[in-house]
Amino acid sequence: MKDILHFDYHWAFLRLLVRWLLVGGLIGVLSGAASALFLALLNAVTGFRLANPVIILLLPLAGVALAWIYQRWGSSAARGTNLILEHLHTNPTDGRIPLRMAPLILLGTLWTHLFGGSAGREGTAAQMGASLADGVWRALRLPPMDRRLAVMAGISGGFGGVFGTPLAGFVFGMEVQSAGRIRYEGVIPCFISALVADLTARALGTSHSHYPLLPTLELDPLLLLRVLVAGIAFGLTALLFIEVTHGVKHLTSRLKNPLLRPLLGGLVVLGMTALLGTQDYLGLSLPLLNQALDGTGVPASAFLFKLLFTAVTLGSGFVGGEVTPLFVMGGTLGYVLAAPLGLDSTLLAALGMAAVFAGASNTPLACTLMGIELFGGGAALYLALACFVSYMASGHRGIYGQQRLGSFKVVGEPVALDVPLEQQGILRK
């Protein structure tokens, strides 16, 4: 009878559940509180920049100061999300994710936004969550096998807390490590952390953006075909962003003095701003996303300019995430594609917002769930189609260089499994 009921297994499961209810909850509280603090400060610095637009003239010098700070105190923390992913894959029990990563990425991202750099916020939240989670693992002296689970929970908590999407955050922490593979051993820690982080952030007064609910759409073959075409465009846009960002990094790396890289990048951003005569592409650029979603309209080239501003900002060494700029690229591109494809602009802007991020991050399931949380479940089938097609169309590339390839997107491609994406280029014929 004991063998039939598997008492040993269920006793181990019960202990696991109780442990991660407590540890995952603690990580969620810390991640949620860090996200709430970050969002409040981000709103403050963004408001200050908008009220004092002349401050963007200091962007090049601000980049030099930021590079110097990271050069002096950053150490391995300067590698950001890639360091976290590397630790998740190797799980070195004698190594650590520096606790200083949390304050450094927080201050660095705020600094970038204060002076007008085009960057996002999810990288900050995920890095803070992972750094704090690794600190919890060490402080509580948990078993070595629990380290990976703790860091995964920190990523989920940071993502769920900063965007107000606990379901997407839960899956993101399990999906982001490897393109095409989900680490289901993190189900309990990631779910608890993402949920608690979201509840904590909201309890501390965090308010998230509200988006229009998409209507319930019936199965329509012609609509499916149109969304498939749009999904390919979204994936190619994600790929273009990846390649341009890597291209900027490659070009600036030729400068012998690393302090000159953000100086040059800041000057290029200022030059593009002056040439276009608008500051719409600085910072998060959320007004552009809102205009795409509510149908008031954006310039046809908006997605491309946001791509260039962000690639130059992040590629030259400024600190920040990629996700919100990718939202803006996808939303504005969706709006532009709506008319030629004969689709509702709000629908396609919403699909683009989720799908371009899916293609760039190789997390189509998390992005589908995020779209459902933000826009409702009425268009869930079309959200999934756009996200997964974009994921396929973006190829074996990604914004996270240390993300590994868990499965082939197209069988027969000259790439290798379990090898970081940033190394896949050397495998191409």
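Residue count for region 109-136 satisfying the condition of being crowded, with 24+ Cβ neighbours inside 10 Å and farther than 19 Å from Leu326 by Cβ: 8. Every test in (1) closer than 30 Å to Leu289 by Cα; (2) outside the structural domain of Gly352 (by TED's automatic domain parsing); (3) out of contact with any Phe, Trp or Tyr (no Cβ under 9 Å at 6 or more places or on another chain) is passed by Arg404 save one, and that test is (1). Can you work out which of the residues in region 246-273 that are of a type in the set (S, T, N, Q) and touching a residue at least 40 places away in the same chain (Cβ under 8 Å) is farthest from Ser118 (Cα to Cα)? Ranking the candidates gives Thr252 first. Residues of region 139-149 include none that is closer than 17 Å to Gly32 by Cα and buried (at least 24 other Cβ atoms within 10 Å of the Cβ). A single member of Ile56, Ile155 is of a type outside the set (Gly, Ala, Ser), at pLDDT 90 or above and in contact with a helix residue (DSSP H, G or I) (Cβ under 6 Å, 6 or more places away or on another chain), and it is Ile155.
Take the residues in region 396-419 that are assigned to a loop (DSSP other than H, G, I, E, B) and within 18 Å of the chain's Cα centre (by Cα), then tell me which one is surrounded by the fewest Cβ atoms within 10 Å (Cβ to Cβ). Walk me through how you get there before you give the answer.
Taking region 396-419 and keeping what is assigned to a loop (DSSP other than H, G, I, E, B), we get 396-403, 406-419.
If we keep only those that are within 18 Å of the chain's Cα centre (by Cα) too, we end up with 396-403.
Numbers: His396: 21, Arg397: 21, Gly398: 26, Ile399: 25, Tyr400: 24, Gly401: 19, Gln402: 22, Gln403: 26.
By that ranking, first place goes to Gly401.
When you look at Glu422, is it surrounded by fewer than 21 Cβ atoms within 10 Å (Cβ to Cβ), under 18 Å from the mean Cα position of the chain (by Cα), outside the structural domain of Leu307 (by TED's automatic domain parsing) and at pLDDT below 95, yes or no? The answer is yes for Glu422. The condition (being closer than 25 Å to Ile155 by Cα, out of contact with any helix residue (DSSP H, G or I) (no Cβ under 7 Å at 6 or more places or on another chain) and in a helix (DSSP H, G or I)) is satisfied by just one residue among Leu351, Leu374, Leu347: Leu374.
Residues in region 360-376: is at least one more than 30 Å from Asp294 (Cα to Cα) and acidic (Asp, Glu)? Looking through region 360-376, none of the residues is more than 30 Å from Asp294 (Cα to Cα) and acidic (Asp, Glu).
One residue stands out in region 76-100 among those that are of a type in the set (Lys, Arg) and either modelled with pLDDT of 75 or more or within 17 Å of the chain's Cα centre (by Cα) (or both): the one that is farthest from Gly321 (Cα to Cα), namely Arg100. Taken as a whole, the structure places Leu214 among residues that are touching a helix residue (DSSP H, G or I) at 6+ places or on another chain (Cβ under 7 Å), surrounded by 14 or more Cβ atoms within 10 Å (Cβ to Cβ) and outside the structural domain of Ala360 (by TED's automatic domain parsing).
The values are calculated or read from the model by the stated rules, or taken from the named source; none is laboratory data. Bear in mind the structure is a predicted one, so any value in this text is a computation, not a measurement. Cβ: placed from backbone, ideal geometry, glycine included. Neighbour counts: every protein chain shown.
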